[in-house]
Structure formats: C-alpha cells, structure tokens
Amino acid sequence: MMKGISKLAKIITKILEVFHWVGAGLMVVATVCSVIAPEKIGYFVGLDIKECCGTNLVVYGFEVNASYVDGSIDMTTFLLFGIGAVIILILMAMVFRNVHLIFKKSENGTPFQKDNIRMLKEIGIFSITVPVIGLVMSVIIRLVIGVDAVEININQSGLFMGIIVLCLTQYFIYGAELEKDVDGLL
C-alpha cells in the first residue's frame, strides 16, 4: 500500500514539476512579449478583459488587476506581474522537484537522510518566499503604476505552509539523530 502511494506521489510530483517549469517558460515568453509584441500576448496567456475593470492576473495567490487602457491591458502592469509570476512558478517547480526527490531517495532507505532534511528545509523556505515575492512585487507595481491604479491581493497560505514544513524539518533532524544513535548501538 505504502509503495503504491509513494510511486503515485513520485509520478504526480514530477508531472507538477514539469508543468511549473513549462509555465515559467511560457510566462517568460509572455513577459518579453508584453514589451516587444504586446499584440501576441494572447498566444501565451488567456486574458479575460472586461472594459469596466480590466483583467485579473493570478498566480499562487499573487493577484493583480490590470486596468483596461485604449482597448488593451496596461502592459507595464503585465510586465511587472510577469516578473513576479516567473519567480513564483520557478519556486513552486523547485518545491515539487524536492518533494519528488525526497520520495525517490526514501524508496529503499530511511527518510531521515541529510539530503532529505536539506530538501525539506528548502521546501519550507521556497513556500515562505512565494508570498514574500508577491508582497515585494505588489509594492513595486504600486510604486510604478500608482497606488490607486492597481488592485492587489496576496494569499498568505504559503507563509503558513512554509512555517509548518520548517517545523517538521526539526523532527526529521531529531529522527536522523535517533537513527544514528541506534546504528551506533548495533
């Protein structure tokens, strides 16, 4: 039963990692397009533009409402959002990469390995960094575009998730120490 769950988790986390890398790549292209060829941006990003209130750009709780100007969205807002979105997607790709590697490394041994502990700690740091990037990019967007021109929302769940994972890391460190002590007795 546990082997089946582990195998399924490895497959799902690898798929999610690849999707996030592809998403980051597409977002890089869309962000560059917002500067070079704004009319082509629709090929990379689906935009539901409403004349009354623009469009919502969202990635992992980092949400920006880009205003509707002269028949299209404000490309400066999109450019700044794109930079934040690329960073966030890369961080999430690294989270899924680490989860995949933890399952893979623990397959034939103990999960209390130094590499696993390091990767678990990185997952916590990456998870905390996601809302921080959203906050930093929100401040930058407000400084560049204007305080009233952009509506911004940030989801804090990554912060709490990261704190929980960092706490769990301490138990993995303790488990590794106990395992080392037991191996020394045998």
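Values computed for the structure shown
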| quantity | calculated |
| --- | --- |
| 14 Å beta-carbon shell around His100, net charge (K/R +1, D/E -1) | +2 |
| Computed over the stretch 72-145, the ratio Rg/Rh where both radii use C-alpha atoms and Rh is Kirkwood | 1.20 |
| Segment Leu166-Ile11, extension gain: residue separation times 0.36 nm, minus the distance between their alpha carbons | 53.4 nm |
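Laboratory data are not the source of any read-out in this text; all were calculated from the coordinates shown. Computed from a predicted structure; not experimentally measured. Reconstructed Cβ throughout: ideal geometry from the backbone, glycine too, with neighbour counts over all protein chains shown.
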